[in-house]
Every structure is written in C-alpha cells, then in structure tokens.
1. FRET efficiency for residue 45 and residue 261, Cβ-Cβ distance as r, R0 = 35 Å, nearest 0.05?
2. Which far-off residues, 5 or more places away or on another chain, put their amide H under 5 Å from the one on residue 71, with H placed in the peptide plane?
3. Between residue 163 and residue 116, what length comes free when the chain is fully extended (0.36 nm per residue of separation minus the Cα-Cα distance, one decimal in nm)?
4. Probe radius 1.4 Å, ligands and nucleic acids ignored: give me the carbon and sulfur share of the accessible area of the chain as a rounded percent.
5. Can you divide the C-alpha Rg of the chain by 2.2 N^0.38 Å and report the result to two decimal places?
6. Report, please, the projected area of the stretch 81-193 averaged over directions, based on the convex hull of its C-alpha atoms, in nm².
7. Using a 1.4 Å probe, how large is the accessible area of residue 169, given in Å² and rounded to the nearest 10?
8. Out of every Cα pair in the stretch 43-90, what percent are spaced more than 17 Å from each other?
Amino acid sequence: MSVLLPAIVSTCAVLAAGQAEPAPADPSECATTAAERYGWGEPTRRSDFSDGLPGDWHPYGPEPGHDKKGIRTPEAISVADGVVTISATRDGTTGAMSWHPGQRYGRWEACVRSEAASGGLNALLLLWPVAEDFPVGGEIDWMEILSDDRQETDFFLHYGPDNDQDHGSVRHDATQWSAYALEWTPEKITAYVNGEEWYANTDTEKFPPRPMNMTMQLDYFPPAGGPAAMHMDWAMQWALPESEPAELSLAPGDPATGQPDDFPERAPRRLR
C-alpha cells in the first residue's frame with residue numbers, strides 16, 4: 001500500500017504481448033499529511049495492514065475497560081482490505097491495541113476515520129508510557145474524540161503525580177479519513193491534522209520523562225447509546241536524532257494491557 005502518494009499508473013508503459021497489466025497499488029485514504037508537507041522523509045516504521053495485524057501491534061486483554069468499565073477484548077479488533085477496525089457495542093465491549101517498541105521524542109502519523117457515536121464511546125490515538133507508570137510517566141492524547149458527531153477533536157497532555165492536564169481542541173470532521181500527526185522534540189510538542197498544526201506546547205516541564213508507545217483505543221465511558229467503530233488505514237513512526245529507544249517492549253504477538261498491576265505478565269519487559 002502506498003501511504004503518502006496516490007498510485008500512479010504510467011500511460012507510457014509498453015507491455016509485452018500477452019502480458020497482463022498489473023493492478024495499481026492501493027492508495028492511501030489520506031491524501032494530505034504532515035509528513036509530506038514538512039518533508040519528514042521515510043519513516044522508521046510503518047504499518048499498512050495489507051497482510052492483517054502485524055506482530056508489533058498488540059491487542060489489549062481480555063481485561064476490564066477504561067476505569068474498569070466494560071471489557072476490552074482482542075475480538076473487537078479486525079482487519080479487512082488493508083484497514084484495521086476497532087468496534088464497540090452498547091454494553092462496552094470494545095478494544096485497544098499498542099504499537100511497540102516505543103521511544104522518547106519522535107514523530108507519529110496515522111490515517112484514521114471515526115464513525116459517529118451515540119454517547120459513551122471515545123476514539124483515541126495516544127502515547128502511553130512504556131514503563132506503565134502513569135500518571136508520573138505522562139500521557140499524550142493527540143487525538144481524542146469525545147463528541148458523538150465526531151466534529152471536534154481534543155488534545156490532552158497529562159503530566160505530574162496528580163495527573164494535571166493541558167488541553168486543546170480543533171473543529172474537524174473526523175468521520176472523514178484524516179491524517180493525525182504528533183511531533184515530540186525536546187523543545188516542543190505539536191499536533192497536526194491533514195498537515196495543519198492545531199496544538200503546540202513548549203512547557204518542557206510537562207513533557208513525559210521517558211519513552212512512550214503509540215496506542216489506538218475506542219474507550220467506553222458509560223452509558224453508551226449504541227455501537228461505534230474507528231478505522232485506521234496506516235500508521236507511521238519516525239525516530240529523530242534526539243530519540244531515545246525504549247528498553248522495554250513486548251515480543252511479537254504478545255497481548256498487551258492497560259492494567260499492569262492486574263496483568264503483570266502482559267506488561268512490557270526487557271527482551272533478550
């Protein structure tokens with residue numbers, strides 16, 4: 001799958017007699033990206049889900065959901081036609097998955113579409129502390145969509161032992177395919193949607209102190225009025241010269257958890 005440029009079929013190619021014309025590559029659902037606009041170059045890692053869910057994506061659970069409400073289960077995650085989907089039901093059966101290994105500082109971008117909801121199901125892209133030491137390890141919610149009509153996206157920077165937060169928001173139709181990006185340097189945290197900056201923070205005392213990993217979640221905040229889903233066409237990660245790779249990770253295919261005290265065997269660990 002081409003993730004930054006639409007497929008191009010040459011009109012000048014001459015095919016040998018009897019040779020079938022190759023099918024065009026599957027284009028990205030997101031035509032405008034921060035990576036293209038700002039020249040981020042080739043990513044360090046990418047997922048396009050053309051062959052199912054890669055082993056470096058780790059579904060949560062089964063386990064209780066956000067704030068111990070509902071349940072997160074790998075069965076809520078599916079892949080079809082190069083798109084990964086997290087589905088959720090009215091009773092709070094939903095899913096989440098994390099991308100390892102993580103890093104401190106870097107860039108991330110993902111092409112996402114969120115279906116309208118009827119209350120209680122929030123779509124998120126975030127960075128979560130690899131060490132599972134929230135709140136002191138911080139949290140960067142660089143796409144959190146609480147609105148049922150998916151017309152507003154929020155940013156939450158969690159920091160400190162008391163889980164203080166800095167917040168921003170942007171009006172945007174998230175029911176359409178959208179490229180959400182985050183750039184985290186030692187001096188600045190910046191969020192983009194379709195290549196446009198909409199949040200920035202330079203208060204470095206609020207920045208996470210250690211490596212983080214990207215997570216995709218459809219979180220349950222009861223009550224929910226009906227089912228919902230979110231979809232991701234691709235995800236990319238870039239390392240910067242200042243980036244610090246995580247020393248903890250998960251082995252390919254291992255389950256993940258958002259509740260390491262209850263499921264310590266699913267928490268990131270040092271791999272040999």
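The values are calculated or read from the model by the stated rules, or taken from the named source; none is laboratory data. Since the structure is predicted, the reported quantities are computational estimates derived from the model, not experimental observations. Here the Cβ is made from the backbone with ideal geometry for all residues, glycine too, and neighbour counts use every protein chain on show. Surface accessibility is based on the protein's heavy atoms, side chains included, excluding ligands, DNA and RNA. Shrake-Rupley method; radii C 1.70, N 1.55, O 1.52, S 1.80 Å.
1. Given R0 = 35 Å and the Cβ-Cβ separation, E is 0.75.
2. Those lying under 5 Å, H to H, from residue 71 are 65, 93, 94.
3. Value of the extension gain: 14.0 nm.
4. 50
5. Output field value: 1.01.
6. Over all viewing directions, the stretch 81-193 projects a mean Cα-hull area of 7.9 nm².
7. Ignoring ligands and nucleic acids, residue 169 comes out at about 60 Å².
8. I get 42 percent for the Cα pairs in the stretch 43-90 exceeding 17 Å.
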